[in-house]
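The values are calculated or read from the model by the stated rules, or taken from the named source; none is laboratory data. In this text, all values refer to a predicted model and were calculated from it rather than measured experimentally. Here the Cβ positions follow ideal geometry from the backbone for every residue, glycine too, while neighbour counts run over all protein chains shown.
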Amino acid sequence: MKLMVSGIGGVGGYIAAVLCRYYPGSVTLIARGERKKALEQRGLVVHSAVLGEQTYHPAVTDCPADVGIQDVIFVCVKTFSLDKALAALRPCVDEHTVVVPVMNGIDHADRTRAALPAGRVVNSLIYITSSYDGEYAICHASPYVRMRADSPDRDAAALVCRLLHHEQAMECTIPQDMKSEVWKKYIINCAYNTITAYYTCTTRGLLEHPERLAEFRFLLDEAYAVAIADGVQLPSGLTAEIFEDMMHYRNADATSSMARDAMAHKPTELETFSGHLVRLADRLGVPAPVSKRFYQELLKREVGK
């Protein structure tokens, strides 16, 4: 089986490591520039709370077309890079190829289907705390990795689960209601990524400031209201449950991917979280004043970079 991963950051790097561990010799990584050099010279180095200390040596290329048609492709780039990544992958996809976008947001599966109509697209989401260091080694910190995958093509979704679901590596299952699961995570991200990026802080930076926690709760409630207006089936106590998790269970020294990018003066997924939500709220007629304020202020910073 030919397996490919595009986007070898914290998420893509971990998925690639799982594939390398269980399907050695079958994996090709798409990487460019210094990351490609690091992968070729040192291999895929992983420091993981689950996998331990590992190094794998899969094939690496910066030209997907040279590798040819693949059986399964995992696309793990930032959402603002998705269109470019999919265009590069087009020569690798035919009618049997399963394409799995693994990223933040709620529209990546639809965008992937539009860009790669020949492929069998599987929607997904993942819960993981993982990043990469200055040498492009993968640093996975969470004691869990939970992925959900689904598609109208249930055989394709089942294949993804068979590839990734391993007791000693990660959980990957088909949920009963994928749209609900995607929105549950999206609501968290719209609040947590946005507010930690705004204050460039960790969870502790929220917990120690009651006014920030109040804003966090407003962001959760506004995103929830948008989801309900969009017809998503969600439990009534969801935002209270998320808030309680923030107060008592989330790692106080953790932060979001958007905050890390903001601190590093890199492009952020502002449009994925804040922008998309605000535009959807306007279209559905849902008031979202706190989300709009954060979005407008963060947009000013993005434009000013």
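Residues are listed down the side, and each one gets a yes or a no for (1) buried (at least 17 other Cβ atoms within 10 Å of the Cβ); (2) of a type in the set (Val, Ile, Thr); (3) in contact with a helix residue (DSSP H, G or I) (Cβ under 7 Å, 6 or more places away or on another chain):
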residue	(1), (2), (3)
ILE138	yes, yes, yes
MET147	yes, no, yes
PRO152	no, no, no
HIS166	no, no, yes
MET170	yes, no, yes
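Annotation note: of LYS179, LYS185, the sole residue that is out of contact with any helix residue (DSSP H, G or I) (no Cβ under 8 Å at 6 or more places or on another chain), modelled with pLDDT of 95 or more and closer than 14 Å to ILE126 by Cβ is LYS185. Taken over the stretch 75-88, the criterion of being under 18 Å from ASP107 (Cβ atoms) and not polar (S, T, N, Q) is satisfied by VAL75, CYS76, VAL77, LYS78, PHE80, LEU82, ASP83, LYS84, ALA85, LEU86, ALA87. Is it the case that ALA38 is more than 28 Å from LEU270 (Cα to Cα), in the same structural domain as GLY134 (by TED's automatic domain parsing) and either in contact with a Pro (Cβ under 8 Å, 6 or more places away or on another chain) or of a type in the set (Val, Ile, Thr) (or both)? So ALA38 does not fit the description; no. Which residues, taken from the stretch 118-128, are outside any strand (DSSP E or B) and either surrounded by 18 or more Cβ atoms within 10 Å (Cβ to Cβ) or not assigned by TED's automatic domain parsing to the domain that holds GLY33 (or both)? Within the stretch 118-128, GLY119, VAL122, ILE128 qualify.
How many of the residues in the stretch 239-281 are outside any helix (DSSP H, G or I) and touching a helix residue (DSSP H, G or I) at 6+ places or on another chain (Cβ under 7 Å)?
10
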